[in-house]
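The values are calculated or read from the model by the stated rules, or taken from the named source; none is laboratory data. Here the structure is a predicted model, which means the values were calculated and not measured. Cβ: placed from backbone, ideal geometry, glycine included. Neighbour counts: every protein chain shown.
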Amino acid sequence: MFLECMKPYRKDKELVYLACKVCRWNFVYIDEFFHDDYELAEMCMQPTGDHNTIYDYLSERLKNNKNLAMLDLQEDYPHTESYSAELKDDDEIAARLYELHGLAPWAWHYMSERLKKKYGIEEG
């Protein structure tokens, strides 16, 4: 989808879904309209365990979705900087972050001060 010749197809729902199913990173290049498509975002975020996440490219509405944040947490490097303020201070998100990434300061850098204090995260 990143190629210039694909530009006319970036708005075609069927082709967008197919391209994103083949490679999640195609999500970055599709029409902005699709960045607010929950089903497409969820599909692109599975399977997990990759260092590339599309979370940064989600619409602001979807960046506030706890289910998508939970999927992002399963990536090698979750993009907590893109989470909404509400999710950065969510106890369930924090518990899952701790479970998956421990006390690594890089993982907690963007989380709320309240949660950092709760988990004893010290940033140097």
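Quick grid of which residues meet (1) closer than 25 Å to GLN46 by Cα; (2) basic (Lys, Arg); (3) surrounded by fewer than 13 Cβ atoms within 10 Å (Cβ to Cβ):
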position	(1), (2), (3)
GLU75	yes, no, no
PRO78	yes, no, no
GLU81	yes, no, yes
SER84	yes, no, no
ASP89	yes, no, no
HIS101	yes, no, no
PRO105	no, no, yes
HIS109	yes, no, yes
LEU115	no, no, no
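Evaluation of GLU14 against the conditions (1) acidic (Asp, Glu); (2) in the same structural domain as HIS109 (by TED's automatic domain parsing); (3) assigned to a helix (DSSP H, G or I) shows that the sole unmet condition is (2). Taking the stated definitions as given, is CYS23 without any contact (Cβ under 8 Å) to a residue 12 or more places away in the chain and closer than 30 Å to LEU3 by Cβ? Yes: the conditions hold for CYS23. For the structure I just gave you, tell me whether ASN26 is under 12 Å from the mean Cα position of the chain (by Cα) and among the polar types (S, T, N, Q). It is false that ASN26 is under 12 Å from the mean Cα position of the chain (by Cα) and among the polar types (S, T, N, Q).
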